[in-house]
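Data first, discussion second: the structure below is written as structure tokens.
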Amino acid sequence: MIQGPRRIALEEWDARYSELRRAGMVEPPYGGPLRRHVEDGDVRLLKLWFDDSAAALRLWNFLLTEEDRLRQARALGRRLVGAMKDLGVVPVMAYSSPRLTAFYPDGAWWIPCMMELGAGLLRLAAALGLDESFCPVRAVLGAFLTGAHFPIPDLLTCSVGATCDDFSAVAQRLNGLGYPILWWEIPARRKPDPGEPAVDLPGGFSAPRDQVAFVGGELERVRSALEALAGEPLNEERLSKGIREANRVRRRLARLRRLAYAADPCPLPALEMLIAEMLAIHFCSDREETVAVLDILLEEVGKRVQARVGALPSKAVRVFWVNPVADLRAMNLLEDCGARLCGTDFMFGHALDLIPEQAPPMEALARMARADPMVGSAADRADRVCAEMRAFGAEALVVSRIPGASHCATEGRLIAEIVEERLGVPTVEIEVPPVCDALTPNLRTRLEALVEAVRARRGK
Ligand code: SF4
């Protein structure tokens, strides 16, 4: 009997790896068994369930070798840009120069999860005055102080204005500690007044033309800093090419999301989808390889959809998920409770939307920055969530709160209320800390209740 795709634990990956190698799997230079990352300290992998395909293995290996890639880029003479907070804007500009590599130090917020708090980053942040009343993104401070998780960038940028209090506090502290930051402002997005000149944005929003022009001016300052760092101009031609390349990634992700969130049975588990979506924000420090990783995933998912096989049972409850989880284990838990992912808002929708290729490149980038779901109202965010839930046939909504995160205080409830009112589907709000083991029974009960509510509705 041919076995279909499955979710497997790390111990099973050891045997699966040998099996794939014997079957002729070709790996990139960063390939290898997943277990080696545990030996490097990523002990959370021991508690996760993974898709068992070679495509997923490559995705995980790509993600977990990013630090090596950054150090290699520096050794090859590329200058490193640490973009902070804008999630998807500055890296498109930076990768337009072959001399620059950009990444998000913000990603350090997953280190406490991956290392099960073993790296002590949250403790270091607390010693600097940012305790558990702040979002886990405070781990960024610890990562800078230890220098053990990514090389210190040659240039740091951070968007301010419509930014959460947590990140403002973290970035200001970082600046005060001697890591100078180029701040650029992104004001809160508002709807154009009647008759006010307006611009359509990617993702379906619109904004006053003046606001887009203002953000364009701010991005010009970022462009000048990137040019000084690269030692070469970031002219229109280079930026246009950078936008087209970013769109190559975004088009693939759009296809992957369409396939993975619509098909039944679910062809790719939630955890792998979360990681695949994350590639959009800074290409995991290698834009070309991101395209290759997504192509292989698309091929695998396409085959599964055609063969009507999936990594999860058919008819699993279709859930839309809002906000990234501080503990990746929560995505497994959703599936353990009989649900599957069917759309997401991980706070970077603007990094998934196509960047307009017909507009002048700086204008196109400003429009994309204006489309950031986190610089608009919760109602705007809910509009987009509702549209995607309809498109993917989602039957329920999970809003995942992040402990201490200021943006979560009221926004999640508002989004859930709008979704309940418009779509009439059950919703639940849960809070997921960086290591959620102690809360698992509670989380499980709440997710199972959601699943049961959907099943009861199906039976009506
Ligand atoms: S998770 Fe929320 S509070 Fe934390 S940095 Fe991101 S937007 Fe800010």
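The values are calculated or read from the model by the stated rules, or taken from the named source; none is laboratory data. From a predicted model like this one, the values you see are computed outputs, not experimental measurements. Positions of Cβ are backbone-derived with ideal geometry, glycine not excepted, and every protein chain shown enters the neighbour counts. Heavy atoms of the whole protein, side chains included, go into the accessibility calculation; ligands, DNA and RNA do not. Shrake-Rupley method; radii C 1.70, N 1.55, O 1.52, S 1.80 Å.
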Open item on the list: Considering only protein heavy atoms and a probe of 1.4 Å, how much of the accessible area of the range 68-236 is carbon and sulfur, as a whole percent?
Closed with: 54
Task: Largest-first ordering by accessible area, 1.4 Å probe, given options H407, H350 - done: H407, H350
Task: lysines with Cα under 26 Å of K47, excluding same-chain neighbours fewer than 8 positions away - done: K315
Task: Translational diffusion coefficient (Stokes-Einstein; Kirkwood radius from C-alpha pairs) of the range 139-287 at 20 °C, 1.002 mPa s, in µm²/s - done: 115
Task: the chain: antiparallel DSSP beta bridges as a percent of all, rounded to 5 - done: 15
Task: Inter-label distance for R422 and N442, nm, one decimal - labels placed 7 Å from Cα along Cα-to-Cβ - done: 3.1
Open item on the list: 7 Å from Cα along Cα→Cβ at both S206 and R413: what's the point-to-point distance in nm?
Closed with: 3.3
Task: Per-residue ³J(HN,Hα) for the range 187-194, Karplus 6.51 cos²θ - 1.76 cosθ + 1.60, θ = phi - 60°, Hz, x for Gly and Pro - done: x, 4, 7, 10, 6, x, 5, x
- [ ] Take the alpha-carbon centre of the range 1-62, take the same for the range 73-98, and report the distance between them in whole Å.
- [x] 29
TODO: Would you calculate, for the chain, the mean residue ellipticity at 222 nm contributed by helices, counting each DSSP H stretch of 4 or more residues as -39,500 (n - 2.57) and dividing by all residues, to the nearest 500?
DONE: -15500 deg cm²/dmol
Task: Accessible area (Å², per residue) of the range 272-330, counting only protein heavy atoms and a probe of 1.4 Å - done: 30
Task: Karplus (6.51, -1.76, 1.60) ³J(HN,Hα), θ = phi - 60°, over the range 286-298, in Hz, Gly and Pro reported as x - done: 7, 5, 5, 5, 4, 4, 5, 4, 5, 4, 5, 4, 4
Open item on the list: Just want to confirm a number: the relative contact order over the range 331-460, from Cα pairs under 8 angstrom separated by 6+ residues, in percent.
Closed with: 26
Open item on the list: Please list 3J(HN,Hα) in residue order for the range 206-221, calculated via the Karplus relation 6.51 cos²θ - 1.76 cosθ + 1.60 where θ = phi - 60°; whole Hz, with x for glycine and proline.
Closed with: 9, 8, x, 4, 4, 5, 5, 5, 4, 5, x, x, 5, 5, 4, 5
Task: Sites matching GluC sites (Glu not before Pro) across the range 348-437 that sit in DSSP coil, with at most 15 neighbouring C-beta atoms within 10 Å - done: E357
Task: Alpha-carbon spread of the chain, three principal axes, descending order, Å - done: 60, 53, 46
Task: Whole-number accessible area per residue in Å² for the range 68-236, which is evaluated in the context of all protein chains at 1.4 Å - done: 39
Open item on the list: So if I take the centroid of the Cα atoms in the range 119-149 and the same for the range 351-385, what is the distance between those two points in Å?
Closed with: 30
Task: Within the range 432-460, backbone nitrogen closer than 19 Å to the virtual label 7 Å beyond the Cα of K315 toward Cβ - done: 448-460
TODO: Show the residues, 5+ positions off or on another chain, whose built amide H is closer than 5 Å to the amide H of S159.
DONE: M84, D86, W184
TODO: Search the structure for amide H atoms under 5 Å from the amide H of M25, placed 1.01 Å from N in the peptide plane, and list their residues when 5 or more places away or on another chain.
DONE: none
Task: V199 long-range amide H proximity, modeled H, under 5 Å - done: A207, R209
- [ ] Show which lysines lie in cross-link reach of K85 when reach means a straight Cα distance below 25 angstrom and same-chain residues fewer than eight apart are skipped.
- [x] K191, K241
Open item on the list: Assuming 0.36 nm per residue, please report the length gained on full extension of the stretch D295 to R390 beyond their Cα-Cα distance.
Closed with: 31.5 nm
Task: Heavy-atom accessible surface of the range 351-460: percent carbon and sulfur, 1.4 Å - done: 52
Open item on the list: Between V43 and A449, what's the calculated FRET efficiency when r is the beta-carbon distance and R0 is 25 Å? Round to 0.05.
Closed with: 0.25
Open item on the list: Would the range 68-236 count as rounded, prolate or oblate if I go by the C-alpha gyration tensor, calling it rounded below 1.5 in a/c and otherwise prolate when a/b exceeds b/c, oblate otherwise?
Closed with: oblate
